[in-house]
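Okay, so here's the structure we're looking at.
The values are calculated or read from the model by the stated rules, or taken from the named source; none is laboratory data. Predicted model only: the values in this text are computed from it and were never measured. Virtual Cβ from ideal backbone geometry, glycine too; neighbours counted across all protein chains shown.
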C-alpha cells in the first residue's frame, strides 16, 4: 500500500510541475514570440485635440459606449470590469436572461429605428464570455453606421470608409472572421471630427 501511495504522490508532483510550471512557461514563450505586444496587452492612447491638453489611455478591452455618436460593442455581464471578467452564468432558457435580451434589443431598436428585430446581430445583445471583448463583426458595425453618421452630422460614406479601414482580416487569411475593434474605431471617429 505504501508503494501505491508513493507512486501516486510522484505522479501528482510530476503532473503539477508539467501542468503548472512547464505548460505556463511554454505559453509565455509563445506569447513573447507570436502575440502582439509580446503578450503584455496594449493601451490605446487618445488625446482630445479639441481641448488641447486632455490625454487618456484606454486598455484595449471592451468599453461602455452608449452615446449615439459611438459604435457600440458587445454588452458585458461584468460591466466591463477587467478585475472580474465573467459571463452572466444564466441559461439560454432562463426567463431573466431572455428578459435581458428583450430589453437590450428594444433599446437597440429605439436608437436604430431603420433596423428590424430579426436583423440585429446576436453579438450586439448577448454578452461575450469574458465580458471584455473589444471586437465586433463587420456586419455589426455596418448596421450602426447610419445612427453614428446622423449623430455626428457626417456622411455615411465617411463612416463606412472608417469601418472598412479598421477591419482586421482573419489571421494568416484563414483563421477567424473579419472583425473591428470598437474602441479603435471610436477613437478614429473622434479624431475625424476634430
Q.
With the structure loaded, tell me whether residue 181 is within 21 Å of the chain's Cα centre (by Cα) and without any contact (Cβ under 8 Å) to a residue 40 or more places away in the chain or whether it fails that test.
A. no
Q. What residue, of 115, 138, is modelled with pLDDT of 90 or more and within 28 Å of residue 34 (Cα to Cα)?
A. 138
(Q) I'd like the residue in segment 112-122 that is outside any loop (DSSP other than H, G, I, E, B) and within 21 Å of the chain's Cα centre (by Cα) and, out of all such residues, is farthest from residue 72 (Cα to Cα). (A) 119
